[in-house]
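Reviewing the structure listed below.
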Amino acid sequence: MQTRSLSGKTALVTGSTSGIGLGIARSLAAAGANIIFNGFGEAAEIHSICAAAAQYFEVKTSYHGADMSKPEQIAAMMNAAKEEFGGVDILVNNAGIQHVAAIEDFPVEKWDAIIAINLSSAFHTSRLALPFMREKNWGRIINLASVHGLVASAHKSAYVAAKHGLIGLTKTTALETASTGITCNAICPGFVLTPLVQKQVDARAEKEGISMEEAKKALLSEKQPSGEFVTPEQLGELAVFFCSPAANQIRGVAWNMDGGWVAQ
Ligand code: NAD
């Protein structure tokens, strides 16, 4: 049974209008946390995501549309969080994009966007969230890295570089807060069937002239020994665990949930 262990806390989950971020936001709301949603999408759909979470989980929700590649918009979002909720207790740096191409063909603007959104945004949100967490001597920073923060795959240079960097930032943040009630950890999922991975499934099905189901199986069988996708709900439960007192001494880890991917 879910307890309301995070009642009275406020969680900001970047990139929570879809996929893993939305799953984590819902799990944190189920544990009683107020949620600040962020990410792109249709205004009406975003409104209904916020309203549904508020009603179903009986928490306060709000939304900020900051583009996570823009430091000044990130600062505006953090200010809005301070004004509306007093500050952010739980920061989940989740927004991310992917692009797949060989290094010599990799568009320079895609490289810059991936480094900005998947890595630098976590630096900006963290630097702006930490003063409030230090004041309260409690906080949780959870960085959504990836198995690609631990091992590489061909044709994902920017993503692999950003995710390795994010694990480095996680360790540094954990050390700088080690003697406080603030912890910082990374979660490293294997394949999760979200829009980000669906694009790779579609590309594979088209390239190899196979069905969607065959393309999913092919993708999993190359990397993920369980042969099953990780789910946003499973990742959400891990995030709730990181927020619990049992996790007070988990600091600076890169915790993979990957169906055995990096055990190979
Ligand atoms: P997704 O495409 O479903 O969701 C990405 C979210 O980020 C969306 O809400 C989108 O609107 C938001 N976003 C994208 N660019 C943004 C920007 N500039 N500013 C603000 N928001 C922005 O993807 P997902 O699979 O749920 O990925 C979430 C995170 O998990 C990413 O960091 C991704 O790298 C990581 N991850 C995903 C997988 C996977 O298999 N899906 C595996 C490992 C790690």
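The values are calculated or read from the model by the stated rules, or taken from the named source; none is laboratory data. Predicted model, so just to flag it, every value in this text is computed and none were measured. FYI the Cβ positions are ideal-geometry reconstructions off the backbone, even for glycines, and counts take in every protein chain you see. Each accessible area value is taken on the protein alone, full model and side chains, heavy atoms only, with ligands, DNA and RNA left out. Shrake-Rupley method; radii C 1.70, N 1.55, O 1.52, S 1.80 Å.
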Find how many whole Å separate the alpha carbon centroid of the range 44-86 from the alpha carbon centroid of the range 194-264.
-> 26
Tell me, what are the semi-axes, in whole angstrom and largest first, of the equivalent ellipsoid of the chain as set by the roots of 5 times the Cα gyration tensor eigenvalues?
-> 29, 20, 19
Ranked by how many other beta carbons lie within 10 Å on average, peptides 137-149, 183-195, 80-92 from highest | 137-149, 183-195, 80-92
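Please go through the range 167-264 and write out the GluC sites (Glu not before Pro) that DSSP classes as loop and that have at most 15 other C-beta atoms within 10 Å.
Working: sites: Glu176, Glu206, Glu208, Glu213, Glu214, Glu222, Glu228, Glu233, Glu237; in loops: Glu228.
Passing sites in the range 167-264 are Glu228.
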All other residues with a Cβ under 15 Å from the Cβ of Glu228 taken together, and with Lys, Arg as +1 and Asp, Glu as -1, what is their net charge?
-> -1
Under 5 Å, built H, 5+ apart or other chain: amide partners of Asn256 = Cys188
Mind listing the long-range amide H neighbours of Gly139? Cut-off is under 5 Å, sequence gap 5 or more, other chains count too, H placed in the peptide plane at 1.01 Å from N.
-> Ile182, Thr183
Pop a pseudo-label 7 angstrom from the Cα along the beta-carbon direction at both Val262 and Arg4 and give the gap in nm to one decimal.
-> 3.7
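How much length, in nm to one decimal, is gained on full extension between Val108 and Arg204, taken as 0.36 nm per residue of separation minus their Cα-Cα distance? Could the numbers behind the result be given before it?
Numbers: separation 96, 0.36 × 96 = 34.56 nm, distance 2.36 nm.
Full-extension gain reported as 32.2 nm.
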Go ahead and estimate [θ] at 222 nm for the chain from helices alone: -39,500 (n - 2.57) per DSSP H run with n ≥ 4, summed, over the residue count, rounded to 500.
-> -15000 deg cm²/dmol
Using the beta-carbon distance between Lys171 and Ala52 and R0 = 35 Å, what value does 1/(1 + (r/R0)^6) give for FRET efficiency, to the nearest 0.05?
-> 0.45
Order Ser153, Ser120, Ser16, most accessible first, counting only protein heavy atoms with a 1.4 angstrom probe.
-> Ser120, Ser153, Ser16
Over all Cα pairs of the range 95-135, how is the pair count split among 5 Å bins, expressed in % and running from 0 up to the last occupied bin?
-> 5, 21, 22, 16, 13, 9, 7, 5, 3, 0
Would you grab the residues whose amide H sits under 5 Å from the one on Ile35? Only those 5+ places off in sequence or on another chain, please, with H modelled 1.01 Å from N.
-> Ala11, Lys60, Thr61, Ser62
When only alpha-carbon atoms count, how far does the range 163-260 stretch along each of its three principal axes, as whole angstroms with the largest first?
-> 55, 24, 21
Helices from the chain with mean Kyte-Doolittle at least 0.0 and a Cα length along the axis of 18 Å or more, per DSSP H: which?
-> 43-57, 157-176
With an 8 Å cut-off on Cα pairs and a minimum separation of 6 or more residues, tell me the relative contact order of the chain in percent.
-> 20
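Ser179 to Ala44: extension gain in nm, 0.36 nm per residue of separation minus the Cα-Cα distance?
Numbers: separation 135, 0.36 × 135 = 48.60 nm, distance 4.36 nm.
Full extension from Ser179 to Ala44 adds 44.2 nm.
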